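Each remark here refers to the structure printed beneath this line.
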């Protein structure tokens with residue numbers, strides 16, 4: 001071995017450090033990107049947007065105490081605060097609410113109102129590895145649930161919401177579950193659909209600008225488009241260009 005080779009021979013400590021750096025790089029590459037904006041974070045829940053018909057059950061598989069309700073989710077861009085809003089007709093627990101992203105705590109925050117006048121509760125939480133949104137309340141009043149779980153199945157055509165009450169400090173017990181079916185056409189991944197120019201979801205509402213027809217996914221996106229169509233279309237074109245660059249890079253890699 002030459003003197004130069006001996007000079008650059010890594011010590012065991014340096015070799016271990018190099019291995020550790022490589023492992024951290026691999027883990028960082030596998031870790032999902034942290035959302036850079038509220039809109040980016042909420043777009044992970046784009047599948048919620050739309051109108052739903054639900055059947056609630058106190059006990060799974062039993063019609064005793066069951067009920068029917070309707071729910072609608074829309075985008076909201078008022079006061080520069082992006083959020084997803086929902087409203088439930090004939091609700092048993094929560095009648096409406098606003099879901100936002102806290103860029104400081106890196107959590108979703110849901111401010112909701114109960115079916116009784118004056119009832120309000122705030123939930124916080126994140127998406128788990130399976131894509132389920134789990135939100136917990138630090139304090140609840142009356143019969144309001146302490147934990148909510150949202151998960152989509154059947155390619156996005158079904159939305160399952162589980163309501164739970166707290167039992168002790170860490171345990172939760174089922175209060176009821178609502179199984180929603182999306183109103184209208186299928187919303188499944190992998191199907192061909194017209195894209196909403198605001199969020200990238202399924203476009204169901206026509207909007208026009210300079211003689212051209214585009215589509216948005218909800219009334220909130222329609223209002224947002226009407227206020228600044230040029231800005232929306234510029235962002236849409238930039239998003240599509242970025243998707244093409246990523247796809248080209250993926251194929252080349």
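The values are calculated or read from the model by the stated rules, or taken from the named source; none is laboratory data. Keep in mind it's a predicted model, so treat the numbers as computed, not measured. Cβ sites come from the backbone with ideal geometry, for glycine too, and all protein chains shown count toward neighbours.
If the requirement is being buried (at least 16 other Cβ atoms within 10 Å of the Cβ), at pLDDT below 90 and under 23 Å from the mean Cα position of the chain (by Cα), which of these qualifies: 184, 179, 201?
Going through 184, 179, 201 in turn, just one is buried (at least 16 other Cβ atoms within 10 Å of the Cβ), at pLDDT below 90 and under 23 Å from the mean Cα position of the chain (by Cα): 201.
Among the residues of segment 128-150, write down those that are more than 17 Å from residue 69 (Cβ to Cβ) and surrounded by fewer than 16 Cβ atoms within 10 Å (Cβ to Cβ).
128, 129, 130, 131, 132, 138, 139, 141, 142
Just checking, which of 143, 105 is farther than 24 Å from residue 182 by Cα, assigned to a loop (DSSP other than H, G, I, E, B) and in contact (Cβ under 8 Å) with a residue 40 or more places away in the chain?
That would be 143, the only listed residue that is farther than 24 Å from residue 182 by Cα, assigned to a loop (DSSP other than H, G, I, E, B) and in contact (Cβ under 8 Å) with a residue 40 or more places away in the chain.
Can you give me the ranges of the strands (runs of 3 or more DSSP E) entirely in segment 146-253 with at least 1 residues that are closer than 30 Å to residue 62 by Cα and touching a residue at least 24 places away in the same chain (Cβ under 8 Å)? Please lay out each step first, then the result.
Details: elements: 147-153, 158-167, 171-182, 205-209, 212-216.
Counting at least 1 such residues, we get 147-153, 158-167, 171-182.
Which number in (1) assigned by TED's automatic domain parsing to the domain that holds residue 99; (2) over 25 Å from residue 119 (Cβ atoms); (3) out of contact with any strand residue (DSSP E or B) (no Cβ under 8 Å at 6 or more places or on another chain) marks the one condition that residue 241 misses?
Just one mismatch for residue 241, condition (1).
Out of (1) buried (at least 16 other Cβ atoms within 10 Å of the Cβ); (2) not in a loop (DSSP other than H, G, I, E, B), the odd one out for residue 111 is which?
(1)
Hey, which of the strands (runs of 3 or more DSSP E) in segment 39-96, taking only ones fully inside, have at least 3 residues that are modelled with pLDDT of 95 or more, closer than 21 Å to residue 183 by Cβ and touching a strand residue (DSSP E or B) at 6+ places or on another chain (Cβ under 6 Å)?
Correct list: 67-76, 83-89.
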